[in-house]
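**Student:** First the structure, then my questions, so here it is.
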Amino acid sequence: NTSIKRIGQTIADRYGLGFSYDAEDYSITCDEQDGTDSSYYNQLCKYYGLVLKVFASKLWVYDREAYKEKKEVKTFRRSDIEPGSFQYSTTISGTFTGGHFSYSDPDTDKDIECSVGGGKRTKNVSRRATSVQDAAVQLCAELNNANHGNTSIRFTTVGEWAVSASDCIKISGYGKLDGKYFVDKITHQVSKSGFVSKFECSLVAKGFKPSDVGGITPKPQEQPKEEKLEAKQGAAIKLTKAAGYVSSDAKSKACTLTGNYWLYDGILIRNRYRVTNSAARCGKKPVGQNCTAWVDAKDCVIVG
């Protein structure tokens, strides 16, 4: 009965650290910690698409996908980049075009399902979720985390203090690689040769959003096709170790029937007939006192 933000604040207070949270907060109704505080909280943040950073005696949590939507703080043209330092890589390995989330709540016995995207590279996710909305957030986070960095670049410039990790920049002059990039890391180096900054960035592409996710309401269990059986009220049947039920839709048998019986009314419902142990009781009211049990049609052998 807490939230990601409150959990982070509790952990930060435990170690005398500052705490900054720049993201939407998500409710956590129930969770079990496995591992150290740092590993547990880092994984919890990842489940919801959040990034945990630790610096200057402070925990900092932010939403990377939200930061990607911010305006670029600077444009780096080809002439701004140290010759020979620009490198790039691109891959579809480990990336996804869609996904499906499923979870069965053992407390409420309800199935929670949702899906987004499609194509051949889809990911299935199954973990605790409290609602379709909660599942949608976690599903999108899983896909966006996997797709982040599918196109990445590295380059060096003269010392650059105006740009920080988690900022967005624009690259110009490299043809198809031009565009908006998220700054994953900057390494500043000072030497006799001068001051340089080394950038590691990921292309900002359209990510998955919870609003794009469709919840799936499990379809009602389809009734089996009715077995056509030439039968009528009073027809004599033979049963051999047939399961007897208290209703047409009962899941557990109430008894086992063997011997000669009669169809009470000959009406087939959900592939079952009412049967009685006496021909004189067929169709007689009240039903409960004259019907012996419901029996699957497949177990009924018409003998007359």
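The values are calculated or read from the model by the stated rules, or taken from the named source; none is laboratory data. Computed from a prediction, not measured in an experiment: that's the story for all the values here. Please note: Cβ atoms are built from the backbone with ideal geometry, for glycine as well, and neighbour counts cover all protein chains shown. Calculation scope for accessible area: heavy atoms of the full protein, side chains included, ligands and nucleic acids excluded. Shrake-Rupley method; radii C 1.70, N 1.55, O 1.52, S 1.80 Å.
**Student:** Can you name every residue in region 79-113 that is touching an Asp or Glu at 6+ places or on another chain (Cβ under 8 Å) and within 25 Å of residue 171 (Cβ to Cβ)?
**Tutor:** none
**Student:** Next up: Out of all the residues in region 129-144, is one or more modelled with pLDDT under 90, among the small types (Gly, Ala, Ser) and exposed (fewer than 15 other Cβ atoms within 10 Å of the Cβ)?
**Tutor:** Within region 129-144, not a single residue is modelled with pLDDT under 90, among the small types (Gly, Ala, Ser) and exposed (fewer than 15 other Cβ atoms within 10 Å of the Cβ).
**Student:** Right, something else. Give, as residue ranges, the strands (runs of 3 or more DSSP E) completely inside region 48-89 that count at least 1 residues that are open to solvent by less than 50 Å² (accessible area, probe 1.4 Å) and among the polar types (S, T, N, Q).
**Tutor:** Correct list: 74-77.
**Student:** When residue 44 is evaluated against the numbered criteria (1) open to solvent by 70 Å² or more (accessible area, probe 1.4 Å); (2) over 30 Å from residue 189 (Cα atoms); (3) touching a residue at least 40 places away in the same chain (Cβ under 8 Å), which criterion, by number, is the only one it fails?
**Tutor:** Of (1) open to solvent by 70 Å² or more (accessible area, probe 1.4 Å); (2) over 30 Å from residue 189 (Cα atoms); (3) touching a residue at least 40 places away in the same chain (Cβ under 8 Å), only one is false for residue 44: (1).
**Student:** Something else about it: Starting from region 192-215, take each residue that is among the aliphatic types (A, V, I, L, M) and list its partners that are loosely packed, with under 13 Cβ neighbours inside 10 Å and assigned to a strand (DSSP E or B), counting only C-beta distances under 6 angstrom and pairs at least six apart or across chains.
**Tutor:** Matching pairs, first to second residue: 196/189.
**Student:** Return the total of residues in region 258-281 being under 13 Å from residue 232 (Cα atoms), touching a helix residue (DSSP H, G or I) at 6+ places or on another chain (Cβ under 8 Å) and assigned to a loop (DSSP other than H, G, I, E, B).
**Tutor:** 2
**Student:** If I filter region 45-65 for residues that are under 21 Å from residue 131 (Cα atoms) and of a type in the set (Ser, Thr, Tyr), do I get at least one hit?
**Tutor:** yes
**Student:** Now for a different question. So, in region 1-35, exactly how many residues are farther than 18 Å from residue 57 by Cβ and open to solvent by 40 Å² or more (accessible area, probe 1.4 Å)?
**Tutor:** Within region 1-35, residues that are farther than 18 Å from residue 57 by Cβ and open to solvent by 40 Å² or more (accessible area, probe 1.4 Å) number 14.
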